[in-house]
Ligand SMILES: [Mg+2]
């Protein structure tokens with residue numbers, strides 16, 4: 001039975017999500033980036049987000065911005081940059097559902113931002129808030145960051161965390177998806193274009209996942225259970 005109450009209608013559906021760190025993942029981390037002209041996009045960034053959109057993941061950005069606490073720039077400057085980034089990505093058909101930032105730092109010089117915040121990574125506050133605002137399926141959701149603190153925050157929120165060391169972000173994320181593709185995501189894999197499928201195989205994160213995809217191809221993607229069991 002369909003519930004037509006206004007509250008129910010406004011609740012977004014539960015989906016998988018990918019949480020991306022900003023500096024070092026979307027843009028090159030040149031230190032306290034806060035103006036559009038300082039942004040050097042990571043290769044494959046828009047394409048990665050586009051791919052995740054196509055696979056119906058929600059995409060979020062979670063970023064520590066201690067530059068606010070340090071007095072280098074204010075919150076409105078951060079928000080302005082995020083509006084600009086959102087628009088730039090959207091113009092390339094890459095949709096980020098929400099940017100979250102933490103302006104705090106325990107050694108900040110601006111009193112109201114000088115604190116140990118549960119929203120500053122490695123603490124998981126930003127991720128937990130987002131998952132409350134946007135119902136999220138934990139299974140299959142993950143975070144990509146370039147610092148150990150990103151991975152710690154992901155794990156504290158119950159998510160898998162993947163450390164990005166630079167290069168092409170789309171290829172990196174394809175590798176993660178390939179590694180996760182037991183048959184849980186075979187449906188998604190089937191829906192990808194032939195070009196992307198080939199790249200999955202070529203850029204798969206592990207020999208195991210490449211082999212797995214090869215087997216699935218032989219079997220017409222018919223494998224559903226027990227292919228990729230066990231902890232990784
Ligand atoms: Mg970073």
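If you check 137, 143, 131, 126, which single one turns out to be at pLDDT 95 or above, exposed (fewer than 15 other Cβ atoms within 10 Å of the Cβ) and under 29 Å from residue 181 (Cα atoms)? Before the answer, list the steps.
On the way: 143 fails: exposed (fewer than 15 other Cβ atoms within 10 Å of the Cβ); 131 fails: exposed (fewer than 15 other Cβ atoms within 10 Å of the Cβ); 126 fails: exposed (fewer than 15 other Cβ atoms within 10 Å of the Cβ).
Only one candidate qualifies: 137.
Give the stretch 30-40 a look and list any residue that's closer than 15 Å to residue 82 by Cα and out of contact with any helix residue (DSSP H, G or I) (no Cβ under 8 Å at 6 or more places or on another chain), or say none.
Restricting attention to the stretch 30-40, the residues satisfying the condition of being closer than 15 Å to residue 82 by Cα are 32-40.
The answer is 37, 38, 40.
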Go through the stretch 145-162 and count every residue that is more than 15 Å from residue 61 (Cα to Cα) and within 11 Å of the ligand (Cβ to nearest atom). 1
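Keeping to the stretch 118-156, report how many residues are assigned to a loop (DSSP other than H, G, I, E, B) and in contact with a helix residue (DSSP H, G or I) (Cβ under 7 Å, 6 or more places away or on another chain).
Of all residues in the stretch 118-156, those assigned to a loop (DSSP other than H, G, I, E, B) come to 118-124, 134-135, 137-141, 146-147.
Checking the rest, the ones that are also in contact with a helix residue (DSSP H, G or I) (Cβ under 7 Å, 6 or more places away or on another chain) come to 118-119, 121-124, 140.
So the count comes out to 7.
The values are calculated or read from the model by the stated rules, or taken from the named source; none is laboratory data. Just so we're clear, the structure is a prediction, and the values are computed from it rather than from any experiment. Ideal geometry is used to build each Cβ from the backbone, glycine not excepted, and the neighbour counts take in all protein chains shown.
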